[in-house]
There are 4 protein chains.
Amino acid sequence: MIGFIGLGIMGSRMAENLVSHGFELIVYNRTKEKASELLNKGAKWAASPREVAEKSEIVFTMLSTPKVVEGVALGEDGLLNHFAEGKLWVDCSTVGPDFSIKMASEANKYGIRFLNAPVSGSKVPAANGELIFLVGGNKEDLEEVTPMLKVMGKEILYQGEVGKGSSMKLVINLMLAQSMAAFAEAVCLGEAMGLSKDIVINTLLNGATTAPFIKGKKDKLLKNDFSAEFPLEHMQKDMQLVSEAAYANNLAMPIANVTKEIYALAKQQGLDKHDFSAIYQYLTK
Amino acid sequence: MIGFIGLGIMGSRMAENLVSHGFELIVYNRTKEKASELLNKGAKWAASPREVAEKSEIVFTMLSTPKVVEGVALGEDGLLNHFAEGKLWVDCSTVGPDFSIKMASEANKYGIRFLNAPVSGSKVPAANGELIFLVGGNKEDLEEVTPMLKVMGKEILYQGEVGKGSSMKLVINLMLAQSMAAFAEAVCLGEAMGLSKDIVINTLLNGATTAPFIKGKKDKLLKNDFSAEFPLEHMQKDMQLVSEAAYANNLAMPIANVTKEIYALAKQQGLDKHDFSAIYQYLTK
Amino acid sequence: MIGFIGLGIMGSRMAENLVSHGFELIVYNRTKEKASELLNKGAKWAASPREVAEKSEIVFTMLSTPKVVEGVALGEDGLLNHFAEGKLWVDCSTVGPDFSIKMASEANKYGIRFLNAPVSGSKVPAANGELIFLVGGNKEDLEEVTPMLKVMGKEILYQGEVGKGSSMKLVINLMLAQSMAAFAEAVCLGEAMGLSKDIVINTLLNGATTAPFIKGKKDKLLKNDFSAEFPLEHMQKDMQLVSEAAYANNLAMPIANVTKEIYALAKQQGLDKHDFSAIYQYLTK
Amino acid sequence: MIGFIGLGIMGSRMAENLVSHGFELIVYNRTKEKASELLNKGAKWAASPREVAEKSEIVFTMLSTPKVVEGVALGEDGLLNHFAEGKLWVDCSTVGPDFSIKMASEANKYGIRFLNAPVSGSKVPAANGELIFLVGGNKEDLEEVTPMLKVMGKEILYQGEVGKGSSMKLVINLMLAQSMAAFAEAVCLGEAMGLSKDIVINTLLNGATTAPFIKGKKDKLLKNDFSAEFPLEHMQKDMQLVSEAAYANNLAMPIANVTKEIYALAKQQGLDKHDFSAIYQYLTK
């Protein structure tokens, strides 16, 4: 039996792919309603993380914050205290590298194996089984869960020891921030030179110079509707993490640090709750 | 009959696609040797731009610099002086928007129609008929040459009046410069945090956050071999054009201006003749 | 007799210092009213640049733009055509190095000597004889006018051949832009950390870390009254000149280029006609 | 009796000014040799911080790091445990605002008053009694020590409650970093345009656009001898503190963040142990 804890936007879709590909699943979520569809499709319900632990060989967690992960994993009724020695915990939550290393060390006290496996991709790739897993931990452990990861994702990218999955996730968010900001400036330049905004955007999206994810931002830019998918203030925070990670590792990052501050200026002028693509709104004339 | 002037790396491949798709072609190049393969495949040779003009309905030019374009088009023996009223000149050369507008006005004096049609894409897309045409000029004129553009390219993107094709090309080069520099910083960050360079590069290239053209730079980064495809000093020059175009149009571009200076620092420290992807070498620890 | 052409805010005050120190002066200005005080103090009036030229050994010009300088110097009734061979023209106007070199070459055609002598300092230093002269040209020529410069200025700083005075003026304006912007950010940081704006400003102005000219901006910052002494849009333009001069001379200037764009953002958001110290208003929360 | 703990480069000179102006002084330092000159001039020696505490009404500390301050102040034999209720501790060490607030709170537990009084100025101003005190704490406490501060410094600048002295010190170090970097770029620009380095430096130092402290860096720049007074790596660290303070307080600082990274690039290329004015060496062609 496989356990799955955390049935939010991402987790529920990931678990569905497991069930629909024939894996026997026992699930837990803070609120049971979110599990109803899964239970209809054959998943079993557990009343607590403890019950998941007692009945599974492998447990996946997909939770919102480090604090929630700790709440599920640690403590007397937590996952670790009731998961038998030698079993395997796969944490897919987005957390920092240091936190992952700490969780691995907690698991280790109980003789439990641990994989750090955050994902790149959001709602739609989660539903379609097209996530990208960024995995840190032991390679043999990864092989053991590969059949499950394969039905949830299209790529499994091994990054090294525990924590490295999370490090790679930070690099990816940096790329998101930079690509979006550079695209925004390029569209502004095109418009300033008298090109049609629509044509510039379509031309860039058809070419090889633009990150593919920006296709998903096209409507926002064309309609100047920057309702949040990934709020600008979160991106500014991630850029600060990037900047601090670079400093801690003695790396100069001149361009990233400027981009960081342009997001900060945009936030300062009231775009904090908008999607991070609202950097376009800030930079446009 | 269709005329084609300029059989360099790009032009020879474009002309071949025309011939091999059944268009009757008459070609001219400063040195005849470069035409031999085309002549074998059925193209006719012209001894001068004048002869091309006299025997063609439509003339394509694909030349290296504005000066060479002027040399071919103007003067007593030039293209314009021998091209009949109402015929159509399509210039695919990479030139500035102002120069294109000037050529259109020269053509206009002779009653000749003019299209500004620079391309995005280099040697391999040219050979495969997969260029992207960025077209400025009259829409009806574009329709007339669409059958030809379609065998040379995979996309025909109409940008507006004459000059706008060249403006769009500047926007695209900006995207190249920014994407490359951001990717370089991201790889450096990954390495600084202890990830494998190879894994970071492969992970980014497999995801949606990276501009597709960077796949073509992968080997350079992995082998630290920055032999030039597009020299860094040209990119720095194009970024200066971007900066000046932004200034002329009252647009602030904070990120582009920093990136410009990082290329300038890299140039200053001796990487000017290397490929522009050598920005990685400059930024790495 | 010494000639003086251009009696604006600066020129009238400079000429007064010459007269009040006993130099015999003949003056010309487009509008005669501005000369009345000087004429009361003993200066003679000339009806045209030509008359100034005919009656003087040395002519000073202090004019608003290169175009006005050309209007006065060139042409049939211009200064050069009526100034005898071997005489000396000292241009104190703020112009570019290239323009100064062109004027020197025009003067040379008539055998006339030329000094490029822009000033650092505005209205009050002009009145008090406390300007700083940045001189380009021949050293012997400079010695000849030193007695006059000494009554108009407190410093005479020889920079090298013609044009170098203007180059130095560009360097000084760069320092103005950078010092002001850095001071603005520092005050914002102090306020953001909970310090009193008043105290931060006074502390910085009392210390050795702040450019002395900022004392003159204190009231603007304290009262948030950014009426223009030196408009922000002019500073942004000068920063563009700095950036282009750096590019032309193969120099990377990462910090200056960012500062330039922050002025451009401030301009873009409507602060163009304010004093350049309004960069504070743009950066403050 | 007044106590003084910490007789390094700064402390020994400050203590000397107290003694030579007639204050009765008891001093302590980890190594007694550094006190010999002071003892000759009449200061008394204490064998421990405890003895200083027992015999003084007011104690000054001037120590190298927060850790050393804690070592002296806390613990069973520390200053606080033996300083009577109501007495006054003045910490002149350079520490962060949070640390100062913590020390104030520790002092408060014993009923001891606390002033946060870091200084601006180095060796020579310390010797000449020309330091600038940046004071955070209670105004009445400040009045009590004003006679002593006046013989050690030329300015006493009250910043607000405890911690604010340290906040102001961060603002001042930001100004140092920015002024130095801007000056370096300006000199590079002058040289690139063909001006003499010597003349540019002298002209700027004579004008109102340059922070006065840069006079002290003149020889370093002229001789390209960047032996450290304030090492570049410390300045880069302080700029990181600035960046983090700005982030924590929701302030965008685009120019400071770029300057920070230029120092980081210079450090990355081996200038870490040089004086921070070596930013010139990094930026020059």
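Residues in the stretch A:225-240 that are within 20 Å of A:M168 (Cβ to Cβ) and either touching a helix residue (DSSP H, G or I) at 6+ places or on another chain (Cβ under 6 Å) or polar (S, T, N, Q) (or both): A:F230, A:M235, A:D238, A:M239, A:Q240.
Among the helices (runs of 4 or more DSSP H) confined to the stretch A:174-251, the ones with at least 2 residues that are more than 30 Å from B:V135 (Cα to Cα) are located at A:232-248.
For the stretch D:243-266, how many residues meet the condition of being modelled with pLDDT of 95 or more and in contact with a Leu (Cβ under 7 Å, 6 or more places away or on another chain)? Looking only at that region, the number is 8.
A residue that is more than 9 Å from every other protein chain (Cβ to nearest Cβ), in contact (Cβ under 8 Å) with a residue 60 or more places away in the chain and part of a helix (DSSP H, G or I) occurs somewhere in the stretch A:270-278. Within the stretch A:202-230, being facing chain B (nearest Cβ under 7 Å) and under 26 Å from the mean Cα position of the chain (by Cα) holds for A:A208, A:T209, A:T210, A:A211, A:P212, A:F213.
Residues that are of a type outside the set (K, R) and in contact with a helix residue (DSSP H, G or I) (Cβ under 7 Å, 6 or more places away or on another chain) do occur in the stretch D:143-151, at least one of them. Determine, yes or no, whether B:V68 is of a type in the set (A, V, I, L, M), part of a loop (DSSP other than H, G, I, E, B), under 24 Å from the mean Cα position of the chain (by Cα) and at negative phi. No, not satisfied. Filtered by the rule that a residue be farther than 22 Å from A:S56 by Cβ and touching a Lys or Arg at 6+ places or on another chain (Cβ under 6 Å), the stretch A:115-153 gives A:A127, A:E130, A:L134.
Of everything in the stretch B:125-146, what is closer than 17 Å to B:L176 by Cα and assigned to a helix (DSSP H, G or I)? Give them in sequence order. The one that is closer than 17 Å to B:L176 by Cα and assigned to a helix (DSSP H, G or I): B:P125. The residue that is farthest from B:V162 (Cα to Cα), counting only those in the stretch A:206-215 that are surrounded by fewer than 18 Cβ atoms within 10 Å (Cβ to Cβ) and modelled with pLDDT of 95 or more, is A:P212. Does C:Y247 fit the bill of being under 24 Å from the mean Cα position of the chain (by Cα) and under 21 Å from D:V187 (Cα atoms)? Criteria met by C:Y247. Return yes or no: is B:M253 more than 12 Å from every other protein chain (Cβ to nearest Cβ) and buried (at least 22 other Cβ atoms within 10 Å of the Cβ)? No: the conditions fail for B:M253.
One residue stands out among those in the stretch D:183-198 that are touching a residue at least 24 places away in the same chain (Cβ under 8 Å) and within 7 Å of another protein chain (Cβ to nearest Cβ): the one that is surrounded by the fewest Cβ atoms within 10 Å (Cβ to Cβ), which is D:A192. Return yes when D:I262 is of a type outside the set (S, T, Y), facing another protein chain (nearest Cβ under 8 Å) and assigned to a helix (DSSP H, G or I) and no when it is not. Yes; evaluated as a whole, the condition is true for this residue. Tell me yes or no: at least one residue of the stretch B:25-37 is touching a Pro at 6+ places or on another chain (Cβ under 9 Å) and either among the β-branched types (V, I, T) or not assigned by TED's automatic domain parsing to the domain that holds B:A248 (or both). Yes, the stretch B:25-37 contains at least one residue that is touching a Pro at 6+ places or on another chain (Cβ under 9 Å) and either among the β-branched types (V, I, T) or not assigned by TED's automatic domain parsing to the domain that holds B:A248 (or both).
Take the conditions (1) of a type in the set (G, A, S); (2) closer than 22 Å to A:L63 by Cβ; (3) touching a residue at least 24 places away in the same chain (Cβ under 8 Å); A:S179 misses just one of them, which is (2). State whether one or more residues within the stretch D:98-109 are assigned to a loop (DSSP other than H, G, I, E, B), in the same structural domain as D:A47 (by TED's automatic domain parsing) and in contact with a helix residue (DSSP H, G or I) (Cβ under 6 Å, 6 or more places away or on another chain). No, there is no match, as no residue in the stretch D:98-109 is assigned to a loop (DSSP other than H, G, I, E, B), in the same structural domain as D:A47 (by TED's automatic domain parsing) and in contact with a helix residue (DSSP H, G or I) (Cβ under 6 Å, 6 or more places away or on another chain).
Output the residues belonging to the stretch A:88-129 that are surrounded by fewer than 16 Cβ atoms within 10 Å (Cβ to Cβ), under 18 Å from A:M152 (Cβ atoms) and modelled with pLDDT of 95 or more. Within the stretch A:88-129, just A:N128 meets the criteria. Being under 30 Å from C:S243 (Cβ atoms), over 20 Å from the mean Cα position of the chain (by Cα) and not small (G, A, S) holds for only one residue in C:L189, C:L115, C:L176, and it is C:L189.
One residue alone among A:E33, A:E51 is exposed (fewer than 14 other Cβ atoms within 10 Å of the Cβ) and either in contact with a helix residue (DSSP H, G or I) (Cβ under 9 Å, 6 or more places away or on another chain) or in a helix (DSSP H, G or I) (or both), and that residue is A:E33. Which of the residues belonging to the stretch D:231-250 are facing chain A (nearest Cβ under 10 Å), crowded, with 21+ Cβ neighbours inside 10 Å and under 15 Å from A:A252 (Cα atoms)? D:Q236, D:M239, D:S243 - these are the residues of the stretch D:231-250 that are facing chain A (nearest Cβ under 10 Å), crowded, with 21+ Cβ neighbours inside 10 Å and under 15 Å from A:A252 (Cα atoms). Which of the residues that make up the stretch B:161-174 are under 16 Å from B:S105 (Cα atoms) and at the interface with another protein chain (Cβ under 7 Å from one of its Cβ atoms)? Residue satisfying the conditions is B:K164 alone.
The values are calculated or read from the model by the stated rules, or taken from the named source; none is laboratory data. The structure presented is a predicted model; accordingly, all values stated were derived computationally and were not measured. Cβ: placed from backbone, ideal geometry, glycine included. Neighbour counts: every protein chain shown.
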